[in-house]
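Please read the structure below before turning to the comments.
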Amino acid sequence: MTIRRLATALTSVVALTLVATACGDDPADGVGSGTSESTLPSSDGAPTGSGSLTLAGTDYPFDADVCALTPVNHIARDYEIYVHGTGEHQGDAYEVEVTRSTSASGNSIESISIAFGDGELAGGTNTIATAEDAVLEVSSSLLVGEMEFIGTDDITIGTGAVSVTCS
């Protein structure tokens, strides 16, 4: 295994662990709260966007309660991109989160995750060493990208693709 593949694999495991611990916190609690802990835009209870995550041939549509494609801060952490939404597929509720943030070492890290109510989790991460390494493409109202996903118990799932339109 090359050093780059090993670093990517380790980053994926660390990011998946971070996502697993973060997904239990509903960002909607801090949305537009006016506290110094969060600069997320207020959704006023209405979706601020919609999206879909395609994973292993299944589409998981979601309504975004947070759709920040410009820098924000949430619970003392800075994000270049922060999207959070919820959806339901065949009776199973889930949360989708898409982020780009800067690590303590100065690298930008992109992540896409989906967490189901039964504790199942799948996520993909990408470490950005140079601008060409970014996989999430962002415009003023659209975010698209795809990554390799790993699920609970380190099960390789395959490529997941996300598309979000913010209003």
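Observations on the model:
- Segment residue 104-residue 163, extension gain: residue separation times 0.36 nm, minus the distance between their alpha carbons: 18.5 nm
- Extension gain from residue 134 to residue 58, taking 0.36 nm per residue of separation minus the Cα-Cα distance: 24.9 nm
- The range 75-83 - phi-based ³J(HN,Hα) in whole Hz, Karplus 6.51/-1.76/1.60, Gly and Pro as x: 6, 6, 10, 8, 10, 7, 9, 8, 10
- Surface analysis of the range 49-166 yields an accessible area of 47 Å² per residue, using protein heavy atoms and a 1.4 Å probe.
- Amide H within-cut-off set for residue 103, under 5 Å, with H built and near neighbours excluded: 108, 109
- FRET efficiency for residue 156 and residue 78, using Cβ-Cβ distance with R0 set to 25 Å, rounded to 0.05: 0.25
The values are calculated or read from the model by the stated rules, or taken from the named source; none is laboratory data. All figures in this text were calculated on a predicted structure; none of them were measured in a lab. Counting neighbours? That spans all protein chains shown, and the Cβs are built from the backbone with ideal geometry, glycine included. The area values use the complete protein model at the heavy-atom level, side chains included, leaving out ligands, DNA and RNA. Shrake-Rupley method; radii C 1.70, N 1.55, O 1.52, S 1.80 Å.
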